[in-house]
Amino acid sequence: MMELLTTLFTTPIIPAAFAGVAWGILGGALPGISPSISMALLLPFTYGMNPSAAVVLLGATYFGAEYGGSIPAILIRTPGTNSAAATLLDGYAMKQQGRAGEALGISLYSGVVGGIAGLAMMVLLTQPLSRIALAFQPTSYFALGVLGLSAIASLSGDSLIKGLMAGTMGLMIAAIGTDPVTGTNRFTFDNPELLSGIPPILVMVGLYAISELFQQTSASEWEKADSRSARIVFPSRATWRRIAIPQAIGSVVGLIEGVTPGAGGTVASFLAYNEARRWSRHREEFGHGSPEGIAAPEAANTATSKTALIPMLSLGIPGSNSAAVLLGGFLIQGLIPGPMLFVEHGAIVTDLYLGLGVAIVALVVVGYLIMPPCIWLVNRPQPYLMAFIFALVLSGVYAVENSLFQVGITLGFGVLGYIMKMLRLPFLPMVLGVVLGFMVESNYRRALVLSDGDYRAFVQDPISAGLLAVAALFIIVGVLRHWREGRRPAAAPAPIATDLGTDLGTRAHP
Amino acid sequence: MLTSLTRAGARDLVCGALTLALALAYYAGAATIPQSMLADAVGPDGLPKSYAVVLGALSLMLIARALLVRQAEPASTPVLTPAQAEAREAATADVLRAAGPPGEPKRQGTPAYQARRAAGLFAVGVVYLLALPWLGYALCIAALIATTALYQGLRPSLRLGVVAVLGAAFFYLMFVRVLAIPEPAGFWPSLHL
């Protein structure tokens, strides 16, 4: 305990957690800036930072953004994040009834409850999972990479084919640079800046941040918030009693959905909403200003922001866009998430746990303090916001390696991201391919060299065989799900929340 | 067959054609990767060629799906009274309209207009990149802020100028002074002012 307190007060964890939560809330509150974009904007700044501070900053940003998205959802009927769309259903109704402060308070404190539940699960599960990794060999690492790629089957949104295409293109991007076994140059076009390949951060910033800016060039202005209605009200005792069970439901849903690759905060929040309504004694109030209709989704999406990090930390497999960006943050620090992280950098993982715990406290403190600047920012003319974000992105990317070429590459990925959005190609499979491509190829070839070209090595290693079996299961389940959904005729109107959950949950995974 | 394509089908057809072209180009590029004496059984070109083949196959599947698969007819809906149907439709449309995810903002104009608008912002970024080594960071970032804001519809005004200058000062302080990033200084140091 003393050691933990010493770490807390002698490292920059506390300021990083507060800064991350503040940035995340601001980013989440701006319609168009998802948690992953908020985190991607910070990535260039984490170069040169203390590693613990860097990962805490990014993790706290994810957590803050999941709450921040509820602010415009409640005040101006525009969710700041995908997962806040469920909060909008009852949050805006409460605002119309003059109860905006109550809605904001329920959202904030339900986020705290979900965050506590998520952090507890994260601490309990992550390390045991990683202990298996001490026995990893090249065959196991290859199988782990394949397992990560198999998540594409559930991350592909509406089209499995398009998800696989995006994942394959990610692998193609990862092959650019120097061959991991022979050192031969591949697709470098004699450009020395491509010898070390394309850093995943450029892909992420381009796809998420710049392509979104390109989309915003033709977006309508959003409604402005009334600052007078934006004071957070601490829930009354009666309200706490009423929202306790929905918070528990939301937390459990978030815990389960968070560890499932592809599920994410959006699916979790709508599932939690539906379940809370199913078990509520005031079912008729849902959609018309029910406190439970806010508590459940908010607890779910903040729980998810913690548990989505479990597969990323323990296995190196990001299950959501935001976890992928956090993975990028680890890579910038020279930390390889996955099996060896706990062996080689266990202290940094502990610092991350501490930091995310501080972030929960920060959410309450910052949540109250940041409301006026948040409203001020949301009410700024959109042209100014876009101009500053564009300047921030271009400046930040240059800061990575002081390379104008890399800024150009990032702009290029922004164009690619825009085209992918037009063609409905999902981003996350491509990011998975870019991040896992090197690991998959290098360990595959290394394993074959060690076994003299004998492919049976991949099944003779029990860990590899197990991971490949799970990967096959993911793929089969994903294919069956897509096949069933493809065969189902356009459904009759179902309860509104279920419609929205199915529809929005298959879109971008925050 | 082409004229009967739905919007989604046309989009998939274009997507498939583009990715097929990419796969062919990538395979051609992989074929030029030099073989090394140190090469293992797979070689430096092995997986890149495999990726190109997989992408090509997926592209053909997407093209085939776009050309061959028809949209399913909607299932029969439960019988509602006119008032119930109208209320459900209004409520669903109302909430769906409000709950548009941030990844797909409410946008103006046709897809061609939106693409032109996006291309314009891309051009602003490219010009910034080209001008940066010559004019230096401070000047270029101020111009970027002002140009982007003007492009997004703000009118030229003193206020815009002040915001651009203050914004540039903020970014200069943050990146060059605080973070010590050696942003390009342009030709200004050569003037020996």
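The values are calculated or read from the model by the stated rules, or taken from the named source; none is laboratory data. A quick note: this is a predicted structure, and the numbers were derived from the prediction, not measured. Ideal geometry is used to build each Cβ from the backbone, glycine not excepted, and the neighbour counts take in all protein chains shown. All accessible areas refer to the heavy atoms of the entire protein, side chains included, with ligands and DNA or RNA removed. Shrake-Rupley method; radii C 1.70, N 1.55, O 1.52, S 1.80 Å.
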Net charge around B:Ala39, counting only other residues with Cβ within less than 14 Å of its Cβ (Lys, Arg = +1; Asp, Glu = -1)? 0
With R₀ set to 25 angstrom, the calculated FRET efficiency between the beta-carbons of B:Ala119 and B:Ala28, to the nearest 0.05, is 0.35
Would you kindly state the longest site-free stretch of chain A, with sites defined as GluC sites (Glu not before Pro) in a DSSP loop (not H, G, I, E, B) surrounded by at most 16 other Cβ atoms within 10 Å? A:224-510
Binning every alpha carbon pair distance of chain A at 20 Å from zero, what are the percents per bin? 24, 58, 17, 1
With a point put 7 Å past each Cα toward its Cβ, work out how far A:Arg424 is from B:Leu68 in nm, to one decimal. 1.9 nm
Per residue, in Å², the accessible surface of the range A:377-443 once ligands and nucleic acids are set aside, probe 1.4 Å: 24 Å²
Relative contact order of chain A, pairs being alpha-carbon contacts under 8 Å that are 6 or more residues apart, as %: 29 percent
Distance between modelled label sites at A:Val459 and B:Thr6, nm, 7 Å Cα→Cβ extension: 4.1 nm
Taking the simple approach of a point 7 Å from Cα along Cα-to-Cβ for both B:Val165 and A:Asp452, what is their distance in nm? 7.7 nm
Paramagnetic reach from A:Thr10 in the range A:335-366 [backbone N under 17 Å; point 7 Å along Cα→Cβ]: A:346-352, A:354-355
Could you list the trypsin sites (Lys or Arg not before Pro) in the range A:267-359 that lie in coil according to DSSP, counting only those with at most 13 other Cβ atoms within 10 Å of their Cβ? A:Arg281
List residues of the range B:116-140, by number, whose backbone nitrogen lies under 17 Å from a label position 7 Å along Cα→C-beta of B:Met174. B:137-140
